[in-house]
Ligand SMILES: Cc1cc2nc3c(=O)[nH]c(=O)nc-3n(C[C@H](O)[C@H](O)[C@H](O)COP(=O)(O)OP(=O)(O)OC[C@H]3O[C@@H](n4cnc5c(N)ncnc54)[C@H](O)[C@@H]3O)c2cc1C
């Protein structure tokens, strides 16, 4: 177990957060800044959390997320942040791509997930937040106005409010008896870091091709993260390709827009399963981050939504009040479900529409892209969601 150098023992927690991922740690920072005593329980070890390995994910962040991270002092800790200047969407067979831009402003920013995690850890350490590592949560119980969490090591931790921030497959959510709808897309995302000869100019490309999807996400320099989404049965074929073959295949799918490409690091695979928790709160319990809503990555909203949820919850918790009070929790739940519901349903519908390769749907898709090209107000509305969200 990792313990911080302290002169006196930490105060008993008012909020106990399970999971020191980017959502759990950002929430811990936000609640600490509101004057609440927080404890975080995490199954991983401190050394890995302080310097997490590159997991291949490049996280697109909106303007609102940037402001939230700035307020928490976490944005200032990030390095290698790549501006997302424009985006372009195309479907196989559509004549020209559908462009998105925000009139000279950046659409958002891309930053590696491991850098977000490290920044959140450093922010929590600097605040002296009580983080207990190597603690696997295995039990949950409510007793006498508190919620209690048991760990595999036999420890019991209690607080007026417990928050599950323990991933989309949240063990704590299940222990607390909250169900969740899982939508398995039957596909996986293969993430491949690439370097290339031509500048990407900060343009993200989303290519909905027959049978697969390729997203090219601009990183700093002449580097790009290729996110290749394929049916699970296709994975062994891709896994069997060596780096040269894979680079050629990605270059061909990108239609040579970035010039000759080279694989520039380790590949990562993520099975695509979206998760929607039936409730985001229960007596003395709240769900945050992926434990509440686990998004398909195509609309790049997972962590952004996590941050909006953190803002909605922390705004309602006051040091002088019972943090597990049901009124505050229900108000948080209502706000977060209103924000997340349309994005969750819209993203899943978009994925279904753009991955259905039956001829009539394919034709409709091309038509939609062609029509949208001639509807600037529609594109402006989509862009506003990223910039003003
Ligand atoms: C391929 C891909 C691309 C993505 N792209 C984007 C994007 O562009 N924009 C965006 O906003 N989002 C994106 N996301 C989503 C984003 O990565 C997630 O929303 C975010 O990482 C979730 O953070 P979290 O803290 O909720 O969960 P996690 O990162 O899963 O962290 C959960 C933590 O809980 C701990 N834990 C689990 N079980 C226990 C237990 N029993 N006891 C103690 N600790 C436990 C884990 O060890 C872990 O540290 C993407 C996701 C993927 C897969």
Exercise for the section: For residue 69, state whether it is within 15 Å of the ligand (Cβ to nearest atom) and crowded, with 17+ Cβ neighbours inside 10 Å. Expected result: yes
Problem - Some residue of segment 197-211 being closer than 21 Å to residue 55 by Cβ and either away from the ligand (no atom under 12 Å from the Cβ) or touching a helix residue (DSSP H, G or I) at 6+ places or on another chain (Cβ under 6 Å) (or both) - result: no
Problem - First in segment 98-118 and more than 22 Å from residue 23 (Cα to Cα), second anywhere and in a loop (DSSP other than H, G, I, E, B), Cβ under 8 Å, 6 or more apart - result: 100/107; 101/85; 101/107; 106/85; 106/202; 107/85
Handout entry: Lone qualifier among 229, 220 - being in a loop (DSSP other than H, G, I, E, B) and touching a strand residue (DSSP E or B) at 6+ places or on another chain (Cβ under 7 Å)
Key = 220
Exercise for the section: Being assigned to a loop (DSSP other than H, G, I, E, B) and either within 21 Å of residue 233 (Cβ to Cβ) or in the same structural domain as residue 60 (by TED's automatic domain parsing) (or both) is the filter here, so list the residues in segment 194-212 that pass it. Expected result: 210, 211
Fill in the blank from the handout: Expected output for segment 335-346 (first residue farther than 15 Å from residue 297 by Cα, partner surrounded by 12 or more Cβ atoms within 10 Å (Cβ to Cβ), Cβ below 6 Å, 6+ apart or cross-chain) is 335/312; 336/280; 336/309; 336/312; 339/308
Completion exercise
So the helices (runs of 4 or more DSSP H) completely within segment 1-97 holding 2 or more residues that are farther than 26 Å from residue 315 by Cβ, in contact with a helix residue (DSSP H, G or I) (Cβ under 8 Å, 6 or more places away or on another chain) and modelled with pLDDT of 95 or more are 46-50
Completion exercise
Scanning segment 109-146 residue by residue, the ones that are at positive phi and either surrounded by 15 or more Cβ atoms within 10 Å (Cβ to Cβ) or within 16 Å of the ligand (Cβ to nearest atom) (or both) total 1
Completion exercise
If you go through 286, 328, the only one that is modelled with pLDDT of 90 or more, surrounded by 13 or more Cβ atoms within 10 Å (Cβ to Cβ) and part of a strand (DSSP E or B) is 286
Fill in the blank from the handout: Contact list, first residue from segment 19-32 and under 12 Å from residue 163 (Cβ atoms), second anywhere and within 8 Å of the ligand (Cβ to nearest atom) and part of a helix (DSSP H, G or I), beta-carbon distance below 6 Å, six or more apart or interchain, is 20/49; 23/289; 23/306
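The values are calculated or read from the model by the stated rules, or taken from the named source; none is laboratory data. None of these values were measured; they are calculated from a predicted model. Cβ coordinates were reconstructed from backbone atoms using ideal geometry, including for glycine residues, and neighbour counts include every protein chain displayed.
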